[in-house]
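All of the numbers you see were taken from the coordinates with simple rules; none came from a lab. Since the structure is predicted, the reported quantities are computational estimates derived from the model, not experimental observations. For neighbour counting, all protein chains shown are included, and Cβ atoms are generated from backbone atoms with ideal geometry for every residue, glycine included.
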Amino acid sequence: MNKAERIKRMKVPAVDPALAHRLPPGQVLTERFPILHEGEEPVYDLNTWTLRVFGEVEEEKIFTYDQIMALPQTKMVCDIHCVTRWSKFDTEWEGVRFADLLHTLKVKPTARYVMIYGDYDYEANLPLADLMRDDVMLAHAYAGKPLTEKHGWPLRLIVPHRYFWKSVKWVRGIQFMTEDRPGFWERNGFHNEADPFLEQRFSGEELPIPEDEWMKKEFD
Ligand SMILES: Nc1nc2c(c(=O)[nH]1)N[C@H]1C(S)=C(S)[C@@H](COP(=O)(O)O)O[C@H]1N2
Ligand SMILES: [Mo]
């Protein structure tokens with residue numbers, strides 16, 4: 001099948017012209033929810049699950065799940081954009097704003113970058129300023145229900161204004177840093193900033209991601 005044929009066969013909703021400005025360049029809208037990650041899905045016991053905060057903080061902290069749930073809770077609706085070209089509008093999340101978590105910490109003024117660690121051996125880097133936006137949260141629920149295991153239960157990051165690989169699932173660690181350092185995909189040819197509206201997909205040459213790559217993955 002040639003490329004034009006393949007694209008014609010993709011069952012994707014047409015974008016309402018009134019919403020077209022919300023679809024970044026080179027993206028296709030989907031109503032389903034693809035599942036994408038490297039490696040195995042972790043299995044947790046909430047009684048032993050922890051979130052470790054370390055690096056440029058006055059005091060390292062280990063949060064239990066109950067302590068996360070006791071922080072101020074926020075609901076939000078946002079659009080998400082994966083570098084494999086799917087976008088999904090109006091996704092509903094509930095969790096703790098990154099900024100609200102930060103207010104419980106004593107972050108040193110030297111902290112300018114953050115590494116978010118997720119199981120297993122996944123990490124993504126972001127400037128601290130990006131994480132302080134109102135729409136960045138550690139989510140534990142999606143569409144009114146607890147996150148499913150495949151989507152990152154019990155806790156995942158949501159960074160709507162960056163390609164979705166920065167939205168680390170199964171978050172276990174947050175490291176505040178003085179200097180930037182590339183995460184997993186950022187070391188493997190993907191863009192350090194990853195703004196979907198600027199189409200910041202790759203750091204160098206385009207990587208050969210087939211147009212329909214995400215259609216072959218699992219969906220909800
Ligand atoms: N821990 C972890 N988080 C991860 C990944 C991963 O491999 N491991 N993949 C990222 C990528 S590339 C994408 S597109 C999104 C997919 O989230 P979803 O499966 O809920 O759609 O998770 C991101 N978070
Ligand atoms: Mo992705």
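Quick rundown of the values:
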| quantity | calculated |
| --- | --- |
| Dipole axis of the chain (+1 Lys, Arg; -1 Asp, Glu on Cβ), positive-most option in V159, I68, P109 | V159 |
| Computed magnitude of the charge dipole of segment 3-219 (debye, nearest 20; Cβ of K, R +1, Cβ of D, E -1) | 460 |
| Highest-MSF residue in the chain out of R172, R201, R187 [GNM, Cα springs under 10 Å] | R187 |
| Charge-dipole axis of segment 13-60 as Lys and Arg at +1 and Asp and Glu at -1 on Cβ define it, positive-most pick from P24, Y44, G55 | P24 |
| Pairs of alpha carbons in the chain whose separation is greater than 27 Å (percent) | 32 |
| Electrostatic dipole magnitude of segment 70-138 [Cβ: Lys, Arg +1; Asp, Glu -1; Cα centre; debye, to 20] | 300 |
| Sequence-distant aspartates and glutamates (8 or more away, or on other chains) whose Cα lies within less than 18 Å of K61 | D100 |
| Candidates I174, I116, I209: whichever shows maximal mean-square fluctuation once the chain is modelled as a Gaussian network with Cα springs under 10 Å | I209 |
| Dipole-positive endmost among W93, A129, Q175 within segment 3-219 (Cβ charges, Cα centre) | W93 |
| Ranked list, fewest to most other Cβ atoms within 10 Å of each Cβ, for F202, F63 | F202, F63 |
| Rounded to 5, percent antiparallel among DSSP beta bridges of the chain | 85 |
| Potential lengthening between F219 and K150 on full extension [0.36 nm per residue; Cα-Cα distance subtracted] | 23.9 nm |
| Residue with peak Gaussian network fluctuation, the chain [Cα springs, cutoff 10 Å], from E92, E60, E38 | E38 |
| Helix-only [θ]222 nm of the chain, DSSP H runs n ≥ 4, -39500 (n - 2.57) each, per residue, nearest 500 | -2000 deg cm²/dmol |
| At R0 = 35 Å, FRET efficiency that the Cβ-Cβ distance of T178 and D16 yields, to 0.05 | 0.20 |
| For segment 60-80 versus segment 85-103, the gap between their alpha-carbon centres in whole angstrom | 10 |
| Karplus-derived 3J(HN,Hα), 6.51/-1.76/1.60, for each residue of segment 201-212, Hz, glycine and proline x | 7, 10, 8, x, 5, 4, 8, x, 9, x, 3, 9 |
